[in-house]
1. Tell me the relative contact order for segment 244-335 as a rounded percent, counting alpha carbon contacts under 8 Å between residues six or more apart.
2. Going through segment 173-256, which trypsin sites (Lys or Arg not before Pro) have at most 13 other Cβ atoms within 10 Å and a DSSP loop state?
3. Quick one: 3J(HN,Hα) in Hz for segment 76-87, Karplus 6.51/-1.76/1.60 with θ = phi - 60°, rounded, Gly and Pro as x.
4. What are the ³J(HN,Hα) values, in whole Hz, obtained from phi via the Karplus relation 6.51 cos²θ - 1.76 cosθ + 1.60 with θ = phi - 60°, for each residue of segment 211-216 in sequence order, with x given for Gly and Pro?
5. Which order do 119, 113 fall in if you start with the one that has the fewest other Cβ atoms within 10 Å?
6. Using the structure shown, select from 329/371; 114/216; 85/114; 153/177; 311/404; 87/135 the pairs with a Cα to Cα distance greater than 22 angstrom.
7. Which of these values of P(r) over Cα pairs in 20 Å bins from 0, in percent was calculated from the structure shown: [x] 15, 23, 23, 16, 11, 6, 4, 1, 0; [y] 14, 20, 18, 15, 11, 9, 6, 3, 2, 1, 0; [z] 25, 57, 18, 0?
8. Using a Gaussian network model of the chain with C-alpha springs under 10 Å, which one of 393, 215, 170 is most mobile by mean-square fluctuation?
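Each value in this text was obtained by applying a stated rule to the coordinates, not by laboratory testing. The structure presented is a predicted model; accordingly, all values stated were derived computationally and were not measured. Cβ sites come from the backbone with ideal geometry, for glycine too, and all protein chains shown count toward neighbours.
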Amino acid sequence: MSKNNEKKANVKGLRSLLYNNKFVLLLSVILAFGIWIWVSIEKSPEVEVTVSSVPVKIDMDNSVPAQLNLQIFGDNNYTVDITVKGKKFIVSALTADDFSVVAQTNYVDSAGKKSLQLKATSDKSDNFDIVGLSKNYIEVYFDTYKETEMALKPSIIAPDNKTVTDGCILGNIVFSKNTVIVSGPSTEVNKVTSVTAETSISAPLTATTTVTPELKLVGASADELSNVSILEGDTAITMTMPVLKLVELPTTVTFRNAPASYLDGNINFSVSPSRISAAVPVEKVDQITSLSIGTIDFSELDAGFNTLNFKASDITEFVITDRSIKNFKVSVNMSGMTSGTFSVPASNITITGQKQGYNSVITSNGIDGVKLIGPADSISKINPDMLSVKLDLSSLDVKEGEQKVPVIISVAGDTSVWAHGTYYVTINSTASEQ
């Protein structure tokens, strides 16, 4: 009896639900959604969909071109569009990340522009077909890498080609670095014939000026050198454009290591030519009263008449505008001087400064055969104890072991005597503990 009552209660409850409008509405929605899902999956039509901008991979690891030292130059960011066919609900959800497109490099065996075939795959391709690619080949430039060092050539663009103001000339251009490294594919680098450092000025220069020029490759069109570059560290080079003032001044020489009595310029000498036209830095023109064509060390001067020659090409402090001048002749008159031969005792040779990192000792047993020049009265009073050498090694190129180093011989107690010739002492050096 109780079971019948339970069945009647269940039937009555189900009947009440079927007559409940809200329940019937909810049930209808659930059934409709389920039917829609089933139809979408089982009865969905096949469609074609294009997936855009799928990146192309060019794997060079252990590839044929890599083994031939070939590299890729130029654009290597390639993409393709992939068309797929499959059920709409599957293919419509595909993205570029679902595909892999690889360029085949197996047949790249030389430098140049090569057509690489593309192959597209997908781990999800069991559910759809890859119909085609927007392009089946890509053009890729292969070549070996090359670096070459090139000297810079200045180029100044000026109004009417006038770089400096009237009465001046442009001196030799000075670069903070004279060469640059050009790098890129060998075929293109080989076309570069030079590198210019170019700058533009709006008016003639009136003073020495320093700029950061634009570095340009010369030898072929920009398109032909599109993959060539200048190493980054070389692109900040500065270019100094010296402005030189035209002058006409007497010539002179500079004397070095002169005895005290000659420091006031009491030296009988002449220079030929005695006056020249030249160009000097415009910033120093008011300070210059003569042009020194070289330096004479007193050790070069003997008793009597001395003649020394200087090459015009060795002069760097100014520019000689008269190109016919090739040499200068300097005459130094030391008539009335006499000479004598002396020795420097070993005890009078001392080291006043050591080279950092070394300990040096003098091994020479004095210096013999020293020729002294001076007035006869002074030479007659010279004795060995008046001669000495003070050797400062701090700025010399000291090496371990024995070596000869040049020295300057001083004469104490006399201001008009000097040593003629070049003299050396032997030192022995060992590395010191830092």
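1. Over segment 244-335, the number comes to 38 percent.
2. 177
3. Each residue of segment 76-87 in turn: 10, 9, 9, 9, 9, 9, 10, 9, 10, 10, x, 4 Hz.
4. 3J(HN,Hα) across segment 211-216, in whole Hz: 9, 9, x, 8, 8, 10.
5. So the residues, fewest neighbours to most, are 113, 119.
6. Cα-Cα > 22 Å for 329/371; 114/216; 85/114; 311/404; 87/135; rest within.
7. [x]
8. 393
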